[in-house]
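Each remark here refers to the structure printed beneath this line.
The values are calculated or read from the model by the stated rules, or taken from the named source; none is laboratory data. It should be emphasised that the depicted structure is a prediction, and the values quoted were computed from it without experimental measurement. Cβ atoms come from the backbone with ideal geometry, glycine included; neighbour counts cover every protein chain shown.
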Ligand SMILES: NC(=O)c1ccc[n+]([C@@H]2O[C@H](COP(=O)([O-])OP(=O)(O)OC[C@H]3O[C@@H](n4cnc5c(N)ncnc54)[C@H](O)[C@@H]3O)[C@@H](O)[C@H]2O)c1
């Protein structure tokens, strides 16, 4: 375990060199020694774009654009101190060259074949990476068509009940652990049908009984999450599935020091929503309606074309506006918003999603105005760096004594459409509050002064 000593590493020096000097001692974040094993559930478009991207960056073929951990800086001390190191030089993150990937999928395709199928990255780039990508072959998955109706795979584990399947996943995790120093698991699998928490999710004990009895309330994503946490492994959820958003999983996360965070990568339309809505609110501009529609042609779009999976996504996408606008505080501005979201499966576009937003707003004396947003994005190009950052930050949380046993890492809300919070706490959706929270958490764990943006000291 690393403690802060005088004359220590560059990272330690950066943490200690703040201007006011009131918090000079870092809270003992363990260094990122050795290999970080990343186990990815679902080797589809997002996962293969992340894996191929990491390898492309490692080889110097491309830059990690969109990744805060790789390109972002963090200001330390006063504006006049001129200290803004890269985040990865300030906190001890795993180096990309130390990442080892493996995963599970319901199809046998290796990562090269799966990436070619997803058709996010061009053939020329993939060809350069083929020797590396084709060596990563998925392990058989835990899957049940009941939860993802549009898919049917053959590369699937068999077991006498859900507990047996969880044991098989735990054996996979333990075997992989022997080859690396630390492990993080991330769900990049499909969106499951909409599930609500039931009695089986209330406690670890009830959940384990449910696994044994094949309780239908337990979806495959929860079997992976359970296996991860039983092995003390952090777990991120890129889909809107219920997964760890239940008391049993939160309890297990704390008990086994296996950090978790919210769900559903915040990439395209919701990313824009959580930028625009705070701007309207900051200026007290009213909103009457917000209509969002998308066309999407990849496998995710195909899965979301099924109403039960769409419902899961819709719920996740709907949450942000209500929490940002706080209609209970601003009834004149936000109590009567018509918010509608559509996702249309349109194969010709593949991963190149197009999103439209029509926003009906009103200003001074109630005069109406409109704002139109047309985002021509690439779904997995936006999601891949988020997946990478979540993995690296969850690994950091696991090495940080103050964070690893608190369960939910709310400071990672920045990346997620549905942030997870302590019970009774409303989630913060505003991207800029989330960004500040993330950076202040990093300052905090490294013993640097928090930045409040008060700034009166410049006028003393
Ligand atoms: N791309 C984005 O911008 C974005 C944004 C937010 C959320 N997401 C979510 O991320 C997830 C992945 O998206 P994608 O575009 O890569 O989808 P995808 O369909 O290309 O990949 C999903 C993969 O998961 C596999 N899978 C499904 N169930 C599995 C299971 N039980 N075990 C193992 N593998 C399983 C599928 O076979 C497939 O290969 C989806 O849930 C999607 O909604 C994506």
(request) Give me a count of the residues in region 90-116 that are exposed (fewer than 15 other Cβ atoms within 10 Å of the Cβ) and out of contact with any helix residue (DSSP H, G or I) (no Cβ under 6 Å at 6 or more places or on another chain). (result) 2
(request) Within region 168-200, track down each residue that is free of Cβ contacts under 8 Å to residues at least 60 places away in the same chain and farther than 30 Å from residue 379 by Cβ. (result) 168, 171, 174, 175, 178, 198, 199, 200
(request) Mind telling me which of the residues 324, 361 ends up being in contact with a helix residue (DSSP H, G or I) (Cβ under 7 Å, 6 or more places away or on another chain) and modelled with pLDDT under 95? (result) 324
(message) On the basis of being more than 19 Å from the chain's Cα centre (by Cα) and over 27 Å from residue 343 (Cα atoms), does residue 233 make the cut?
(response) no
(message) Any residue in region 128-145 that is over 8 Å from residue 106 (Cα atoms) sitting within a Cβ distance under 8 Å of a residue that is within 9 Å of the ligand (Cβ to nearest atom) and modelled with pLDDT under 95? List the pairs, counting only those 6 or more apart or interchain.
(response) 145/151
(message) Checking the condition in contact with a helix residue (DSSP H, G or I) (Cβ under 8 Å, 6 or more places away or on another chain), crowded, with 18+ Cβ neighbours inside 10 Å, assigned to a loop (DSSP other than H, G, I, E, B) and assigned by TED's automatic domain parsing to the domain that holds residue 441, which residue from 61, 76 passes?
(response) 76
(message) Out of everything in region 107-133 that is under 23 Å from the mean Cα position of the chain (by Cα) and in a loop (DSSP other than H, G, I, E, B), what residue ends up being farthest from the ligand (Cβ to nearest atom)?
(response) 121
(request) Of the numbered conditions (1) under 23 Å from the mean Cα position of the chain (by Cα); (2) assigned to a loop (DSSP other than H, G, I, E, B), residue 284 fails exactly one; give the number of that condition. (result) (1)
(message) Here's a check for you: in region 134-148, which residue that is near the ligand (Cβ under 9 Å from one of its atoms) and part of a loop (DSSP other than H, G, I, E, B) is nearest to residue 58 (Cα to Cα)?
(response) 138
